Amino acid sequence: QVQLVESGGGLVQAGGSLRLSCAASGRTFSSYAMGWFRQAPGKEHKFVAGISGSGSSIYDADLVKGRFTISRDNAKNTVYLQMNSLNAEDTAVYYCAADQTLRFSWSGMDYWGKGTLVTVSS
């Protein structure tokens with residue numbers, strides 16, 4: 001069992017930055033690939049970024065390439081999402097999720113956090 005708790009969301013002006021964190025419980029954190037997803041109001045969920053258990057492989061959605069960076073610290077059981085150059089379209093609830101595969105499928109992830117809200121004001 002893995003429990004995930006996101007933090008770091010909030011209100012930021014367009015062009016600003018935020019860093020989201022996702023703290024995981026359990027001793028097997030490094031065996032899980034971790035992903036960030038988001039869901040904007042009234043819109044479908046979208047994959048944002050993913051990282052393999054060792055951190056050696058990273059996957060970014062096109063909509064965040066060059067602006068968002070995923071990373072992890074296995075010693076701290078934490079995955080991060082550094083978000084730069086934020087715009088109003090990035091406003092969403094951001095969720096972290098864990099899975100033992102690299103599919104990063106919304107319906108296929110094993111464990112989910114409850115999400116953290118990011119609001120970007122224009």
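Residue check: residue 78 meets all listed conditions (1) in contact with a Ser or Thr (Cβ under 9 Å, 6 or more places away or on another chain); (2) modelled with pLDDT under 95 but one, namely (2).
Listed by position, the strands (runs of 3 or more DSSP E) enclosed by segment 27-122 that each have at least 2 residues that are open to solvent by 30 Å² or more (accessible area, probe 1.4 Å), of a type in the set (D, E, K, R) and touching a strand residue (DSSP E or B) at 6+ places or on another chain (Cβ under 9 Å) are 68-73. One residue stands out in segment 44-74 among those that are of a type in the set (A, V, I, L, M) and at pLDDT below 95: the one that is farthest from the chain's Cα centre (by Cα), namely 63.
The values are calculated or read from the model by the stated rules, or taken from the named source; none is laboratory data. Given the structure is predicted, the values throughout are model-derived calculations rather than measurements. Note that we place each Cβ from the backbone using ideal geometry, even for glycine, and neighbour counts take in every protein chain shown. Calculation scope for accessible area: heavy atoms of the full protein, side chains included, ligands and nucleic acids excluded. Shrake-Rupley method; radii C 1.70, N 1.55, O 1.52, S 1.80 Å.
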